Amino acid sequence: MDMTGPIIVLIIRLVVPLSILKYPFWGTVASLLVDALDVVMITFIGVGAMPEGWYTPADKILDSYYLIFSFIVSLRWADRLPKKISIILFVYRIIGVILMEITNIRILLFFFPNMFENFFLFWEARNKWFKRLKPTKKNLTIALIALLIPKMFQEWMLHWKLIDPWSQIEEMFNLHKSH
């Protein structure tokens, strides 16, 4: 089986997260986009395909890989409360990923949403553009609730209803392979 497309995308998914250490916000956004579009990129490259049954485990490992870089950056935050929140959210998600891998019960990811990523981007945006926002319990609680609502919809769609957005993107941009 030709693995050219998946290998190219794997290299991209391993290299892009390195930018997080220098450009935390934009590196994480780039990693998030590469993660979201990996299947589409493999189809677009048009050479090779992911072997059956490999995508979900490989994707979760690569997700955790890029989140580790964001986590490292969050440990350097000067404000203690956002740093504590990032640690809790990161560990919570990793526990969910490990449980999902052990049990092969994908719906577990709904109950262990990746709030770390959203919170990280929120706090990095605050550090970059909204420094007046104080890291109070009230402000961070409001932010977490606001971030949780769309994240739970996304987790519900991906891990509960098993809706495949990649197929819809492939259709939208006519990326289907012709046989």
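The values are calculated or read from the model by the stated rules, or taken from the named source; none is laboratory data. Please read these numbers as outputs of a predicted model, since none were measured by experiment. Because the Cβ atoms are built from the backbone with ideal geometry, glycine has one as well, and the counts that use them run over all protein chains shown.
Determine whether Asn104 is at pLDDT below 95 and at positive phi. Spelling it out, Asn104 is indeed at pLDDT below 95 and at positive phi.
When the stretch 14-42 is limited to residues that are at pLDDT below 90 and under 23 Å from Phe116 (Cβ atoms), the one that is surrounded by the fewest Cβ atoms within 10 Å (Cβ to Cβ) turns out to be Ala36. Filtering the stretch 116-141 to residues that are within 26 Å of Ser31 (Cβ to Cβ) and among the basic types (Lys, Arg) leaves Arg126, Lys128, Lys131. Number of residues in the stretch 82-98 that are among the aliphatic types (A, V, I, L, M), modelled with pLDDT under 95 and either closer than 20 Å to Asn139 by Cα or crowded, with 16+ Cβ neighbours inside 10 Å (or both) equals 2. A single member of Leu99, Leu133 is under 20 Å from Leu158 (Cα atoms), over 16 Å from the mean Cα position of the chain (by Cα) and among the hydrophobic types (A, V, I, L, M, F, W, C), and it is Leu99. Of Lys138, Lys60, all but one fail to be surrounded by fewer than 16 Cβ atoms within 10 Å (Cβ to Cβ) and of a type in the set (D, E, K, R); the exception is Lys138.
Ile85 meets each of the listed conditions (1) closer than 23 Å to Asp38 by Cβ; (2) in contact (Cβ under 8 Å) with a residue 12 or more places away in the chain apart from (1). Scanning the stretch 92-136 for residues that are closer than 21 Å to Leu81 by Cα and charged (D, E, K, R) yields Arg93, Glu117, Glu124, Arg126, Lys128, Lys131, Arg132, Lys134. The single condition among (1) exposed (fewer than 15 other Cβ atoms within 10 Å of the Cβ); (2) modelled with pLDDT under 75; (3) over 18 Å from the mean Cα position of the chain (by Cα); (4) in a loop (DSSP other than H, G, I, E, B) that Leu175 does not meet is (1).
Within the stretch 147-162, if we keep just the residues that are under 26 Å from Ala30 (Cβ atoms) and loosely packed, with under 12 Cβ neighbours inside 10 Å, the residue that is modelled with the lowest pLDDT turns out to be Phe153. Only residues that are among the hydroxyl-bearing types (Ser, Thr, Tyr) and buried (at least 17 other Cβ atoms within 10 Å of the Cβ) were counted across the stretch 103-135, and they come to 0.
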